[in-house]
Every structure is written in C-alpha cells, then in structure tokens.
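To start, the structure itself, in structure tokens.
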Amino acid sequence: MMTIKDVAKRAGVSIATVSRVMNGNYPVSDKTKKRVMDAVRELGYRPNAIARSLKVNRTYMIGMVVPDISNPYYMEIAKGVESVVSKLGYNLIFCSSNENTEREMDLLNALNEKRVEYILLIPTINDSYRINGLIKKGMKIVLIDRYLPYLEINSIVIDNFKASYKLIEYAIKRGHEKIGIINGLMRVSTARERYEAFRKALEDYHIPFNPKYSVCGDFIMEKSYKEVKNMIIKNRKNLPTMIFATSNKMAEGAIIAIKEMNLNIPRDISLGSFGELSVPQLIHPQITTITQDAFEMGRVAGQVVSDKIDNPVSGYKNIVMNSVIKFKGSIRSLKNLL
C-alpha cells in the first residue's frame, strides 16, 4: 500500500508539503500542487480517512435520516444534498427511521457516536424537547420537509397549507362536495398542515365535513389500500366523489383499492395527491398532484450545511419553498351533471 512518503518521494517534495496539499490547510503554489496530485494519481494513493479525521478533528461525514428509504421523494432529496456536499469532500450516510420515533432517536445517537459533522433530519418525532436536548449536546441538525416548533435550527420545508388548500378549492369549483381525505401520521407537521388546509377549504365554501370519508393511511401504501377499500365497502351506496391523498404512497394505495373494487378514476371517484407517484406514466388518467422539487430542496439543504461549514457562527434560516399543482385528468368536473 502506497504511503504519503511514497508520494513525497515521487513528487520531489517534503511529507509536510504533501500533507498541506491533501488537507488544503496551508497555501501551496499551483506548480507544486500539480506535482503532488500527479504523484497521487500515478501511485493510486488514498489517504487514511480515519487518521485524517483524527488529525484535523473532522470526519467529513454527514448523516441523513428519512422516514422511508423506499420513497423516491426522499431519495431525490438525498441526491440534491449530495450534489453540494460531495464537492466539499463530504460523504452522506443514509438511514431510514421507518416512521418510528424510537428508531429515529437510536439513529440520531448512533450517527452522533460516529462523529458525523451534520445531521439532515426529516423527523417523525413530534417532540421538540428531545431534539433540543441533542442540539444542546452539540449535535448539528438541519430539518428538511417537516417542521418542529420552538427550535432555533435551520429548516427547509414546503408550504403544505397553501398547496393543499388550492387543490381542494380546485375540486370544489369543479362541483365536488362529497370530498374525502387520506391522512398521514397526525403527529407530523406535514400531515397536520395538509389536513388543516382540507378542513379550512371545506369551511370556507360551506361544505360539511363527513368523517365517514376520512381515513388514516399513516403515509404507508399498504395501510392506505386497506383503509380506502374498507371505506368504499362501508359507503358503497354513497361514495365520496373525490379523495385527497396527503402523500404519494397513500395515493398509490388508494388507486389499488379503487381499481380492486371495480371503480374508475375519475368516473366513480376523483383523486388528487400531495406528491408525485413513483411511475405516473403507468397510470391512466394521470393523477393531479401537488409536486415538490425534492432535488432542489436537498440542494438548498446542502447549501445551508455548506454555509455553516464556512461560517459556523452564522444565524439559522427557516426556508419555505413553493410547490406547483400539476392538473391532470383525475379530478372530473361534476358541473355539467348538476
């Protein structure tokens, strides 16, 4: 295995000079830097990451904890993060909490033990006190997608309320009054905000809320499928004309249930989703969705971390990103039927 001594000998410089080039902590002329890097490539030298991290007291690792590693939305956020931090020499450790609060806390503590420099967290926990306790211990956390109150912490979220309200309003203006909802985990900010927007839109347009059309899918496709199928069976003689799925995975579960019950979208039940489906091109008609630029959210989060690395004492930012509704053919107009 090649060592730093071999690199120094090949480049004709001192070991200290090679160290300066590799760590970038002291100025070195471009000519000398080129000689050293040429030697590194020729010899296939790879510095010992553990030794390097101990020497400079940095691990060049960033942890990321998401609720569901199988959801393409979270994977796209990770890609956005990596597009920024990889250029800084950082590696991303990707973990899934499976929407389990205790597993999430175990992962946060494990990442802290690995001395990751920052943790990007999409929280399933709704306990600001516990997260604040970790922050006071020195853990550097950036929240993505979901919000926790009473924390002086960097966060990047979507305007869930405004987008959800607009989608429900669109359905109402197309003549829908019997509107159902598939809720996520109500301890999570995104689920609460989307549900509150749903109720507010109904209230503003004087449409009664029917609890028989409200089911809980917990952000899980399988549970959404079971709950929607059960709701359809119970209300077969008086179905909702439209259902709002507050996540893409739950929308997919609803589609399976609706089709299994020999119903048609949108002829029998219209459907709208918060978040794009995994393979929208395979579904006809395509589903009207509230789209989130997951890659851009990740990129912004990565930039927040980058800014903190450059200026650790800078203040915290609460960034709210907009979303766009893609109107497709899954919400039919009932006005011509009245």
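The values are calculated or read from the model by the stated rules, or taken from the named source; none is laboratory data. Everything quoted here is computed from the prediction, not taken from an experiment. When we count neighbours, we look across all protein chains shown, and the Cβ atoms used for this are built from the backbone with ideal geometry, even at glycine. The area values use the complete protein model at the heavy-atom level, side chains included, leaving out ligands, DNA and RNA. Shrake-Rupley method; radii C 1.70, N 1.55, O 1.52, S 1.80 Å.
Couple of notes before you dig in:
- Within this structure, Leu271 passes the test of being more than 18 Å from Ile77 (Cα to Cα), surrounded by 15 or more Cβ atoms within 10 Å (Cβ to Cβ) and more than 15 Å from the chain's Cα centre (by Cα).
- Residue, nearest to Asp307 (Cα to Cα), within the stretch 136-181, restricted to residues that are among the small types (Gly, Ala, Ser) and not in a strand (DSSP E or B): Gly138
- Residue match in the stretch 235-246 (condition: closer than 30 Å to Glu76 by Cα, more than 24 Å from the chain's Cα centre (by Cα) and either of a type in the set (Phe, Trp, Tyr) or open to solvent by 10 Å² or more (accessible area, probe 1.4 Å) (or both)): no
- Which numbered condition Asp68 fails, given (1) of a type in the set (D, E, K, R); (2) assigned to a helix (DSSP H, G or I); (3) closer than 29 Å to Thr291 by Cα: (2)
- Residue match in the stretch 76-93 (condition: under 30 Å from Ser278 (Cβ atoms), open to solvent by less than 70 Å² (accessible area, probe 1.4 Å), modelled with pLDDT of 90 or more and not in a helix (DSSP H, G or I)): yes
- Restricting the stretch 94-114 to residues that are open to solvent by 20 Å² or more (accessible area, probe 1.4 Å) and of a type in the set (Asp, Glu) leaves a set whose member that is farthest from Glu252 (Cα to Cα) is Glu113.
- Tally, over the stretch 213-233, of residues that are touching a residue at least 60 places away in the same chain (Cβ under 8 Å) and open to solvent by less than 50 Å² (accessible area, probe 1.4 Å): 2
- The listed residue being farther than 26 Å from Ala257 by Cα, within 22 Å of the chain's Cα centre (by Cα), without any contact (Cβ under 8 Å) to a residue 24 or more places away in the chain and crowded, with 19+ Cβ neighbours inside 10 Å, out of Leu151, Leu121, Leu143: Leu143
- Looking across the stretch 277-314, just one residue is touching a strand residue (DSSP E or B) at 6+ places or on another chain (Cβ under 6 Å) and open to solvent by 30 Å² or more (accessible area, probe 1.4 Å), and that is Gln292.
- Verdict on Asn57 being at pLDDT below 85, open to solvent by 80 Å² or more (accessible area, probe 1.4 Å) and within 23 Å of Val142 (Cα to Cα): yes
- You will find that of Met261, Met250, the residue that is touching a residue at least 40 places away in the same chain (Cβ under 8 Å) and closer than 26 Å to Ser70 by Cβ is Met250 and no other.
- If only residues of the stretch 195-212 that are over 20 Å from Ile269 (Cα atoms) and under 27 Å from the mean Cα position of the chain (by Cα) are counted, the one that is least open to solvent (accessible area, probe 1.4 Å) is Ala197.
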